[in-house]
Each structure stands twice: as structure tokens, then as C-alpha cells.
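Below is one structure; the comments refer to it alone.
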Amino acid sequence: MSSKPLLLLAVAAALTPSIIFSILITVNQVSILPNRPDTAYIFGRDTSSGAQIERIQLNLMGNNVATVTITIWVPIRGTYIKQVELYDSSGNLLASGSDTRFEQGSRTRTIDVTPDVPIDYVATVKACISRTAPCL
């Protein structure tokens, strides 16, 4: 048996994890903080309109999360509420914030979360979007 097929197999095996890792980063659309790679991010979607959260970024003031920037895609114009919630590793809600306004297309919104919470406590970030019904 030639050593060339074994060498190619070893090279392919060595490259596979880095290829998978880079794909996961692209799909998640998260700006991962260097000291918090284990934070889970949950992206919400409004099934009735197709509006969805496409990107989440935690913004720090010192060591505390003060705001969260989200990018949304809204195919059907209307009034939408965007909500962000931060949880600890036990599932306890630490901080939240929301923004409601008329939207259409791709938009970036920065949402204040209260209270400011130390980044070391944040284990899960949930962001959701929902179309609101007009007043009659």
C-alpha cells in the first residue's frame, strides 16, 4: 500500500474540523466575545410574516452588557416588536429590553437591556421578533 493515500487521508481528516467550525460561525451570525465562546444564542422568527433575527451582538460598557445590537429581516412591512433577554446558566432571566417600530427590509437595531449585567453571568441570549396587530 502506498503512503500517498494515507497522507491524503490524514490531511483531509485534519482539515475537516476547521471547515466545519468556519461553517458554524457563518450560520450562527453571532459576534462572539473572545472571553465568552460558550454563550448560547437563540434566534427568533415570526412565522406569520417571515420576519427573523439574522445577527446578534452583545455590546459591553466595561464588563457589563449594556445593549444588544440585532440585525433583522422583515419581508412584510408593519409594526414589529423586537425583544432581547439575557439568562444565566440556571435559566434565570438577568436582563431584558425591547423596541417597537414600523419596519421593512433589513434593519439593524440597538436595544438597551436593563439592568446592565456582568458578561460573566450571561449564558444564553434570546432575541425574538413579532408583528403586532394594528389597533381597530
*Which of (1) at pLDDT 95 or above; (2) in contact with a strand residue (DSSP E or B) (Cβ under 9 Å, 6 or more places away or on another chain); (3) surrounded by fewer than 13 Cβ atoms within 10 Å (Cβ to Cβ) is the odd one out, the single condition SER89 does not satisfy?*
(1)
*Quick one: what pairs do we get from the range 46-71, first residue part of a loop (DSSP other than H, G, I, E, B), second exposed (fewer than 13 other Cβ atoms within 10 Å of the Cβ) and of a type outside the set (Lys, Arg), C-beta under 8 Å, 6+ apart or different chains?*
SER49/PRO75; GLY50/PRO75; ALA51/PRO75; ASN63/PRO118; ASN63/ASP120
*Scan of the range 112-130 for residues that are in a strand (DSSP E or B), over 13 Å from the mean Cα position of the chain (by Cα) and closer than 17 Å to ILE56 by Cβ, ordered by number*: ASP112, VAL113, VAL117, SER130
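Please verify whether ALA66 is of a type in the set (Gly, Ala, Ser) and touching a Pro at 6+ places or on another chain (Cβ under 7 Å), treating the condition exactly as stated.
No: the conditions fail for ALA66.
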*modelled with pLDDT under 95 and of a type in the set (Phe, Trp, Tyr) - does that describe any residue in the range 107-125?*
yes
*Quick check: anything in the range 58-75 out of contact with any strand residue (DSSP E or B) (no Cβ under 6 Å at 6 or more places or on another chain) and modelled with pLDDT of 95 or more?*
yes
_Quick check on the range 45-85: of everything there that is within 17 Å of ASP116 (Cβ to Cβ) and among the aliphatic types (A, V, I, L, M), which residue is surrounded by the most Cβ atoms within 10 Å (Cβ to Cβ)?_
VAL84
*If we keep just the residues of the range 92-104 that are assigned to a strand (DSSP E or B) and either in contact (Cβ under 8 Å) with a residue 60 or more places away in the chain or polar (S, T, N, Q) (or both), which is surrounded by the most Cβ atoms within 10 Å (Cβ to Cβ)?*
SER96
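The values are calculated or read from the model by the stated rules, or taken from the named source; none is laboratory data. The model shown is predicted, which means the values in this text are computed figures rather than measured ones. All Cβ positions, even for glycine, are placed from backbone atoms using ideal geometry, and neighbour counts span all protein chains on display.
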